[in-house]
Amino acid sequence: MEETSRETFFITTPIYYVNDVPHIGHAYTTIIADALSRFKKLSGNEVFFLTGTDEHGQKIEKSAAEKGLKPIELADRVVGRFKNLWRELNIAYDYFIRTTQPFHEKGVQKIFQRLKDKGDITKGIYEGYYCVSDENFLSEDVPLEDDGHKVCPDCGKKAGKVSEACYFFKLSTYQEPLLEFYAKNPQFVRPQSRMNEIVSFVRQGLKDLSITRTTVKWAIPVADDPEHTIYVWFDALHNYLTGIGYDWNLELYDKFWPPSVHLIGKDILRFHAVFWPAFLMAAGFPLPKRIFSHGWWLKDETKMSKSRGNVLDPHAILRTFGPDSLRYFLLREIPIGLDGNFSHEGFVHRVNSDLANDLGNLLQRTLTMINNSFGKSIEHMDEENFQDTVLRTDMESLKEKVFNHFEDYAINRAMEDVWVYLNSVNKYLAENEPWKLAKDASQKNRLARVLYQAAAAIRAIAYFIYPVMPDSAAKIWEYLGESGPVTDETYNDLAFNNFKLGQKIQKPEPLFPRVSLKDFLKEEEAKSGKTVKEEQMNIVTFDEFKKMDLRVGEILKAERVEGTNKLLKIDVNIGTEHKQMVAGIAETYTPEDLVGKKLIVIVNLQPAVIRGVESQAMLLAAEMEGKAYIPFFVEDIPAGAKVL
Ligand code: MSP
């Protein structure tokens, strides 16, 4: 048979700075990339998954000096930690690039030279403020503080003045070509809200970018002017080219370039969606197909980062729960574009309930019942007399849904749908009561049918969860008597009755440990010597809840509170009287949007004065990415109606 060439899929993570030991935030991007790669492989693509480390620049230079190390010694040490963590998390990358590798340094110098020869890089003098922590030049609008420095709007650290001769990249020349490119590729950045952000940023005008320094020594020198070293972001972004073989393995490069998706956190979107395509256009490379910008994991509602000192060490969780629980939690808990708050309580609850209870129990019960009634395998099943095919047909539609969700980066939705199906298998067992059928010899055929269907459904579930939980999927596969790896079956070939009669099942070990929150925190404390704060959910009694007077309010008037961008002053009719309230919703709604709308208002809250305006009531709204969204009534409910 003639071999058909498979579609290629090239996926990348950011390359991580080596001043920082890896934390849950870094693990998050890498786990998403791993799950998507595994899914793409199942669905028949030839995948290349690139990750690595960003090792040059002032930040690393400074960090190493503080530790009494040479920069490369620090880099070697931290690279080891990243690689270890990726191994423990079952990350199957194809290549790990380090920007200190000679082929990368040569590649960057070569491209730099090409742009210089072409006139896109020219010499000048840079005057401005530089944030070492973000390795970023601040925009001119950032105000100057009294003591002569500026404060970085992204990380809050001081940025010092820099004035030196340097090379500029003519970013301004690429404003129009970039806008044209975005217009032609409206899905270049996802989610959509981030695409809009980038378009409006570029529309405001692009300044030329300083891309060399004379005071930073730990960096790649400009080949023909080595007094100057190359800006760490110019260096780092080109890892995506050198990591796929440019220009030392052109066969690999030709096969996979351009990238199918650069996965990044929203903190580094501008570098990827503006600077990077401009550099590539200038050097004449085809542009990446997609930049997917994910949200942040927060701890206590602030971004987890080393500089904020609130990072969580994934090892702590891995020791107790293993890789799959962490992978599942991070991917299941939030949609990829949004932020999520990490709490130990949320984590333990999710893995105990979904993994230990729902999935673990179903597997254990089903295989134990097969074992008790049929020994190692179900050899025979009466197809003709039983017409219950719902698990089979639902599996077919689940197969399509899961596929579409993965294609759309909605891994959380894929897992949600798998769990809906999983619970329907539990329901099927509850309704058919195989434990009763097992006691009645005349029901042997029926029993075989019920247990076969449950096992076949579990096999399909194992397949669907494989990209997210490769270890557990492989174990289930083995317990069900499969001899090869999960990846032997392509997504296309997956079918309910690929679970064969006569397949020799095994008695499973419990897949997921059930650990109580208390025990988990206790163990953490013993190991780290630190007190781990237990995030308790506040319980409100019904009597306490009843004290709140919630009413339907009708908005009569709304206006902006002077001197603020976020606040609106709203007059609301609550039936018996009118009240005035101040709400932080001006970024989502204009006053005209609101007049006449009906919503839920807490009317007996103690009044407060906000920005000089008295607020006598409060509205209910959901928060998403820092903006508030109000649930309005669609029905015409009279103002003042009680909300129970
Ligand atoms: N070295 C640059 C990237 C260069 S890419 C050409 C860099 N490195 S970093 O070590 O700071 O890693 C940033 C990335 O780590 C983020 O874009 C994101 O992918 C991940 N995360 C770091 N903290 C995070 C959270 N708290 N939450 C989610 N992801 C975050 O920037």
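The values are calculated or read from the model by the stated rules, or taken from the named source; none is laboratory data. From a predicted model like this one, the values you see are computed outputs, not experimental measurements. All Cβ positions, even for glycine, are placed from backbone atoms using ideal geometry, and neighbour counts span all protein chains on display. When the accessible area is computed, the model is the full protein with side chains, heavy atoms only, and any ligands, DNA or RNA have been set aside. Shrake-Rupley method; radii C 1.70, N 1.55, O 1.52, S 1.80 Å.
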* Binned Cα-Cα distances of the chain, short to long, each 10 Å bin given as a whole percent -> 3, 13, 20, 21, 19, 14, 7, 2, 0, 0
* **Rounded percent of accessible protein surface that carbon and sulfur make up, the range 600-644, 1.4 Å probe** => 59
* Structure fact -> Counting sequence-distant residues (5 or more places) and residues on other chains, those with an amide H built under 5 Å from that of residue 610 are 615
* Give me the number: length gained by fully extending residue 127 to residue 110, i.e. 0.36 nm times residue separation minus the C-alpha to C-alpha distance, one decimal in nm. => 3.4 nm
* Asked: In terms of the ratio Rg/(2.2 N^0.38 Å) built on C-alpha atoms, what value belongs to the range 370-431?
  -> 1.44
* On the first, second and third principal axes, largest extent first, how far apart are the outermost C-alpha atoms of the range 330-407 in Å? -> 51, 30, 17
* Structure fact -> On the formula 1/(1 + (r/R0)^6), with r taken between the Cβ atoms of residue 141 and residue 433 and R0 of 56 Å, the FRET efficiency rounded to 0.05 is 0.20
* To do: Please give the net charge around residue 578, taking every other residue with its beta carbon less than 14 angstrom from that of residue 578, where Lys and Arg add +1 and Asp and Glu add -1.
  => 0
* How many nm separate the modelled label positions at residue 214 and residue 306, each set 7 Å beyond the Cα in the direction of the Cβ? -> 3.0
* Asked: What FRET efficiency would be calculated for the residue pair residue 154, residue 595, taking the C-beta separation as r and a Förster radius of 41 Å, to the nearest 0.05?
  -> 0.65
* Would you mind listing how long the range 1-120 runs along its three principal axes, going by Cα atoms, in whole Å with the largest first? => 60, 44, 21
* **Extension reserve of the residue 315-residue 623 stretch, reckoned as 0.36 nm per residue once the Cα distance is removed** => 107.8 nm
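Taking 22 Å as R0, compute the FRET efficiency from the Cβ-Cβ separation of residue 388 and residue 471 and round it to 0.05.
Calculated transfer efficiency: 0.10.
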* Structure fact -> The answer for GluC sites (Glu not before Pro) in the range 93-184 that fall in a DSSP coil and have at most 12 neighbouring Cβ atoms within 10 Å is 140, 145
* Asked: Can you pull the Kirkwood radius for the range 239-302, inverse mean 1/r over Cα pairs, to one decimal in Å?
  -> 13.1
* Where in the range 24-63 does the label zone of residue 487 land, with the point 7 angstrom along Cα→C-beta and an amide N cut-off under 14 Å? -> 34-50
* In sequence order, what are the phi-derived ³J(HN,Hα) couplings for the range 296-310 according to the Karplus relation 6.51 cos²θ - 1.76 cosθ + 1.60 with θ = phi - 60°, rounded to whole Hz, with x for glycine and proline? -> 10, 8, 10, 10, 6, 6, 10, 4, 6, 7, 4, 5, 8, x, 10
* Asked: In terms of modelled amide H atoms, which long-range or inter-chain residues lie less than 5 Å from the amide H of residue 8?
  -> 46
* So for the pair residue 371, residue 180, with labels modelled 7 Å out along Cα→Cβ, what separation do we get in nm? -> 6.7
* Working out 0.36 nm times the residue gap between residue 380 and residue 504, then minus their Cα-Cα distance, what length gain in nm do you get to one decimal? -> 43.3 nm
* **Normalised per residue, the volume of the convex hull around the Cα set of the range 152-268 (Å³)** => 158
* Per the 1.4 Å probe, what fraction of the accessible area of the range 85-163, in percent, lies on carbon and sulfur atoms? -> 48
* List the GluC sites (Glu not before Pro) in the range 576-624 that DSSP assigns to loop (not H, G, I, E or B) and whose Cβ has at most 15 other Cβ atoms within 10 Å. Which are they? -> 577, 587
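Quote the relative contact order of the chain in percent (integer), defining contacts as alpha-carbon pairs under 8 Å separated by 6+ residues.
Details: 1030 pairs, mean separation 70.7, N = 644.
Result for the chain is 11 percent.
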* Derived scalar couplings ³J(HN,Hα) [the range 136-147; Karplus, 6.51 cos²θ - 1.76 cosθ + 1.60; whole Hz; x for Gly, Pro] -> 8, 7, 6, 6, 5, 5, 5, x, 7, 7, 4, 7
* Asked: When only DSSP loop residues count, what trypsin sites (Lys or Arg not before Pro) in the range 341-445 have their Cβ near at most 13 other Cβ atoms within 10 Å?
  -> 439
* Ranking by accessible area, most exposed first, for 166, 155 with a 1.4 Å probe -> 155, 166
* To do: Please arrange 425, 151, 199, 540 by accessible surface area, largest first, computed with a 1.4 Å probe and ligands excluded.
  => 540, 151, 199, 425
